[in-house]
1. Which of the residues belonging to segment 100-133 are acidic (Asp, Glu), under 24 Å from VAL148 (Cα atoms) and in a loop (DSSP other than H, G, I, E, B)?
2. Working only within segment 261-282, note down all residues that are in contact with a helix residue (DSSP H, G or I) (Cβ under 7 Å, 6 or more places away or on another chain) and surrounded by fewer than 20 Cβ atoms within 10 Å (Cβ to Cβ).
3. Consider segment 221-257. How many of its residues are over 34 Å from the mean Cα position of the chain (by Cα), assigned to a loop (DSSP other than H, G, I, E, B) and more than 17 Å from GLU280 (Cα to Cα)?
4. Scan GLY155, GLY103, GLY179 and give me the residue that is under 30 Å from GLU265 (Cα atoms), modelled with pLDDT of 80 or more and surrounded by fewer than 18 Cβ atoms within 10 Å (Cβ to Cβ).
5. Can GLY251 be described as among the small types (Gly, Ala, Ser), assigned by TED's automatic domain parsing to the domain that holds ARG269 and under 28 Å from ARG330 (Cα atoms)?
6. Determine, yes or no, whether ASP187 is charged (D, E, K, R) and either under 22 Å from VAL337 (Cβ atoms) or outside the structural domain of LYS329 (by TED's automatic domain parsing) (or both).
7. Looking at LEU46, LEU22, LEU56, can you tell me which residue is closer than 13 Å to GLY97 by Cβ, under 50 Å from the mean Cα position of the chain (by Cα) and modelled with pLDDT of 70 or more?
8. Within segment 171-220, which residues are part of a strand (DSSP E or B) and of a type in the set (Ser, Thr, Tyr)?
Amino acid sequence: MTPPAATPQGSVVLSADALGRLMPMFLICDAQGRIDALGPTMKKILGGEAALGALLTSHFTLRVAQTEEGDSPDHVAGTRRRLHLVLRARPEIVLRGSSVELGEGRVLINLTFGIHLAEAVRAFDLTETDFAASDMAIELLYMAEANVAVLGELGALTSRLEMARRTAEAQALSDPLTGLANRRGLDQAIDAEMAALAQGGSAFAVAHLDLDYFKQVNDTLGHAAGDHVLMIVAQRLTRELRRGDIVARTGGDEFLLLLRGGTDEAALRRLGERLIHRLEQPYTFEGKTCQISASIGIAVSLPIEEAADHGQQTQRLMEAADRALYAAKRGGRGRCVMAGEIGAG
């Protein structure tokens, strides 16, 4: 029996299989740069045994880190030389590693995916068994994916919270029955118009509308019928108003209208009369028909100074619209009265 060859002290001899278990992504190249051996994971990446004998540069574009001696990136040999190898088949995947000389021009290269781990796992269907037992790649991948998942959940939660905030704000500014603005919503809009007016913006008008004979609907047909009529009233008002106008329900059968884009009193009167006519059209609820009317008072904003108290100006405007409404009621209902007609503005 021939005794085994002596191994120099300090040297280690490993078979390619043993080396592959320790370093599944290793490559050994000969002096001509041809692949002489490779680990099991590298076989999976390069297409199996067919990669043996091929030039390393047929599979990779080499990037060798420069050293103080000015090494050329065309050479792979060297002690602990850092490498970047770009897969020609998948240029988006860059492997990192280092190389050591084995003697006789042969070079051992050990590689890892680095920051391109996730892309490589998907591209080559890699699993935990394709990495060395000491490699933290899969754990890092799990952590990265968990981080992405957490960030995704946080993003989704942020979106839901933002949507909930917007919904809450909208609900706080709207009437739940009709979907119109409520008093708070209209007050904000009027305040904005007053601020714009003080800066030289256009004048506007406010209309106070009160339904006539609405109580009889509730008394004779019930509150469900009354709610139905209110919703139809909201639809009719919205359809008749001009672009940019706002209608708000401020009480049981009371509405306030912010009328922008024109303050000609004759035109505003015609608008008010048209609204009354539209609201006087019959309403049907569960086969029963009812009719109502409306009284409207309209007041037009006056020029104000920038330093003026907007709150006081708004209060005066609303009071003028209220007085015009009461004048319409006293005049027999179903009427539109301009505040200027009763000496208030």
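1. The one that is acidic (Asp, Glu), under 24 Å from VAL148 (Cα atoms) and in a loop (DSSP other than H, G, I, E, B): ASP125.
2. Within segment 261-282, GLU265, ARG274, ARG278 meet the criteria.
3. Qualifying residue count, segment 221-257: 3.
4. On the way: GLY155 fails: under 30 Å from GLU265 (Cα atoms); GLY103 fails: under 30 Å from GLU265 (Cα atoms).
GLY179 is the lone residue from the list that is under 30 Å from GLU265 (Cα atoms), modelled with pLDDT of 80 or more and surrounded by fewer than 18 Cβ atoms within 10 Å (Cβ to Cβ).
5. yes
6. no
7. LEU56
8. SER174
The values are calculated or read from the model by the stated rules, or taken from the named source; none is laboratory data. Only a predicted model underlies this, so the values are computations on that prediction, with no experimental measurement involved. Quick reminder, even Gly has a Cβ in these numbers, built from the backbone with ideal geometry, and neighbours come from all protein chains shown.
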